[in-house]
Structure formats: C-alpha cells, structure tokens
C-alpha cells in the first residue's frame, strides 16, 4: 500500500459538483493499493498515517503527528500511484490491485481510520474526483506499508 501524504491547511474532494470530503488542517493522503496488499497492510498504513511526525512542535521541528495535533485526515483513492513508470512514456497498471480488491481495501482503511481518529473524510473510489488543497510548507512524503 502506498500513500502520498501532504500536510495541508485545508483540502476537499468534489464529485459531480458535490463536496464528498473536506478537512481543515491535517493530512491529505492519496492512497494506491497494490496486488499483495491485505488488511494487515491497511493497519500498518493507518499507524503510519496517524503517527507520522510532520507537524511542527513549539521549536518549529517536525515532531508532532496527526494524533498529537487532532487534525483532519482526508483519504483519497488513487490507483495511478501504483503504476509502473520505469520505462517508456505510458504508465502500466499491472502493479496496481484489481479494482474490486482495491476498493475493498480502501474501504477497510477508511473504516479503520474512522474507528481510531475523530476527523476522517474520504474521496469516492472509482469516481472522477476534483481534489483541492493548500499544501502547508510545502510538506509531501511518500509512505509505503
């Protein structure tokens, strides 16, 4: 499982003109699911998302996590993160999980997150989404679980 996380001052996802997910300060996490992913990897990714220290402490150092700050978590499915881009000029998607399995694991990740963190929103799997954000810093990290 892959997550491209960005520290944001706000972020939202719109589908067909309707806002389906929105957070204020926190993390936007674009989620890619790979063929070998399973519920254990969902749990590990959630631990990383909630505990990754990307927020400033009183000294201005990145020592605080999402749990420490109480910020929002916006989870957005993005199968293109799992693309094979090593050669050529067109991505290959054999390195991404099949859509049915990816949707199941993305939903599992969202359910786990909602059970453990008070401010969780999400995009909609398989939808044409418009994602808006203000990256604070900018701070962006690639996580794998």
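Computed from the coordinates by the stated procedures, all read-outs in this text should not be read as laboratory data. All values reported here derive from a predicted model rather than from experimental measurement. When we count neighbours, we look across all protein chains shown, and the Cβ atoms used for this are built from the backbone with ideal geometry, even at glycine.
Please compute the contact order of the chain in relative form: average sequence separation of alpha-carbon pairs under 8 Å and at least six residues apart, divided by the residue count, as a percent.
Computed value for the chain: 39 percent relative contact order.
Quick check: the angle from helix 39-51's long axis to the longest principal axis of the chain, C-alpha only, nearest 10 degrees?
Once rounded, the angle reads 30 degrees.
Give or take rounding to whole Å, what are the principal axis extents of the alpha carbon atoms in the chain, in descending order?
Computed over the Cα atoms, the extents are 45, 33, 32 Å.
By count of other Cβ within 10 Å, fewest leading, how are 81, 73 ordered?
81, 73
Okay, helix-only estimate at 222 nm for the chain: each DSSP H run of n ≥ 4 adds -39500 (n - 2.57), divide by all residues, round to 500 deg cm²/dmol; what do you get?
The helix contribution divided over the chain gives -7500 deg cm²/dmol.
To test your reading of the geometry: what angle, between 0 and 90 degrees and rounded to tens, separates the Cα axis of helix 99-116 from the longest principal axis of the chain?
The angle comes out near 20 degrees.
Where the centroid of each part is defined by its Cα atoms, how far is the stretch 12-41 from the stretch 68-104 in Å?
Each part's Cα centre sits 10 Å from the other's.
Using every alpha carbon pair in the stretch 92-145, what percent of pairs falls into each 10 Å bin from 0 up to the bin containing the largest distance?
17, 39, 40, 4
Cα-based Rg of the stretch 1-52 per 2.2 N^0.38 Å, rounded to two decimals?
Here the answer is 1.29, to two decimals.
If each residue's Cβ is checked for other Cβ atoms within 10 Å, how do 36, 108 rank with the fewest at the top?
The fewest-first ordering by Cβ neighbours comes to 36, 108.
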